[in-house]
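Read through the structure below, which is laid out as C-alpha cells, and then see the notes.
The values are calculated or read from the model by the stated rules, or taken from the named source; none is laboratory data. Predicted, not measured: the structure shown is a model, and the values here were computed from it. Neighbour counts run over all protein chains shown; Cβ positions are idealised from the backbone, glycine included. Remember, those area values only see protein heavy atoms, side chains included, never the ligands or the DNA or RNA. Shrake-Rupley method; radii C 1.70, N 1.55, O 1.52, S 1.80 Å.
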Amino acid sequence: NAGVTQTPKFQVLKTGQSMTLQCAQDMNHEYMSWYRQDPGMGLRLIHYSVGAGITDQGEVPNGYNVSRSTTEDFPLRLLSAAPSQTSVYFCASSYLGAQSGAFFGQGTRLTVV
Amino acid sequence: KNEVEQSPQNLTAQEGEFITINCSYSVGISALHWLQQHPGGGIVSLFMLSSGKKKHGRLIATINIQEKHSSLHITASHPRDSAVYICAVNSNTGNQFYFGTGTSLTVIP
C-alpha cells in the first residue's frame, strides 16, 4: 500500500514548455485534488475530481489541465509553463464525505525560468 | 477572504515548553484536520476531528464547533517538533478543503 505517489519531486522548465505532474493513489479514494503552495499563501486548490470521469476547477485553475480516466490516477498538465507557475505542487486524495482523512503526495518543486 | 485563519504565524519555543496553535474557520465543516509539514516538504496528517478532543502522544487537538475554533497543543516540546503546522477544514458543501497559511514552529534545544 503505497498511499499517494507523486512524481517528479523536482522539475525545472523553460517558459512555454509543457509537462505533466503525475499523481497516483492505491486506496480507492474517490476524491483527488491538486494544490499549489506559495510563500505566505497556504495551499490553494487548482483542480479536483470526485471520481473517474469527473473533474472541476478550484481556486486557481488557469494554465492547468486535469483528467481522471481511472480512480487511481489524476495527472496535472501545464500546457505552456509560465514563471508565475513556479511553486510547490501537492496532490492529495481522500474518501468522499465526512470523516475523511486526507493523504498527500510528497510534493513537486517546480521552477519555470 | 480566508476561510481558515491560524495564529500565530511564527512561533519559537524552548525545548520542554507547552505550545498552542490556534485555528479559526468561517465555513461549515464536516471535519477539521491538523497537518504537519517538515522542512523537507512532505505533508503528514496528524489529526482529523469533528468534535471534542483527540490525543496522540504529546499532541492534543481540540475543536469547538459552536465557536468554529480548534487548537493544537504540543506538550513537552522537542526540537524534532520544529515544522509548519497547517489547519485545514473539509467544507460540508462540496468536499473541498480550505487551508490556513500555516504556523512555523521552531523549538530550540
Considering only the stretch B:64-76, I want to know if a residue exists there that is modelled with pLDDT of 95 or more, of a type outside the set (G, A, S) and within 29 Å of A:R109 (Cβ to Cβ).
yes
Give me the pairs: first residue in the stretch A:49-71 and closer than 30 Å to A:P83 by Cβ, second residue open to solvent by less than 40 Å² (accessible area, probe 1.4 Å) and of a type in the set (D, E, K, R), beta-carbon distance under 9 Å, and six or more apart or on different chains, which are they?
A:S49/A:R68; A:T55/A:R68; A:V60/A:R36; A:Y64/A:R36
Qualifying position, being out of contact with any Asp or Glu (no Cβ under 6 Å at 6 or more places or on another chain) and more than 14 Å from chain B (Cβ to nearest Cβ), among A:A92, A:A82, A:A24:
A:A82
Which of the numbered conditions does B:I108 fail, given that it passes all the others? Conditions: (1) open to solvent by 50 Å² or more (accessible area, probe 1.4 Å); (2) aliphatic (A, V, I, L, M); (3) within 14 Å of another protein chain (Cβ to nearest Cβ).
(3)
Residue check, B:F97 against (1) open to solvent by 10 Å² or more (accessible area, probe 1.4 Å); (2) within 14 Å of B:Q14 (Cα to Cα), all met but one. Which one?
(2)
Filter the stretch B:5-16 for residues that are surrounded by 17 or more Cβ atoms within 10 Å (Cβ to Cβ) and assigned to a loop (DSSP other than H, G, I, E, B) and give the result.
none
Scanning the stretch A:95-113 residue by residue, the ones that are open to solvent by less than 50 Å² (accessible area, probe 1.4 Å), within 9 Å of another protein chain (Cβ to nearest Cβ) and over 13 Å from A:L21 (Cα atoms) total 5
Looking only at strands (runs of 3 or more DSSP E) that fall completely inside the stretch B:17-91, which ones have 1 or more residues that are within 13 Å of chain A (Cβ to nearest Cβ), closer than 17 Å to A:G42 by Cβ and open to solvent by 60 Å² or more (accessible area, probe 1.4 Å)?
B:43-49
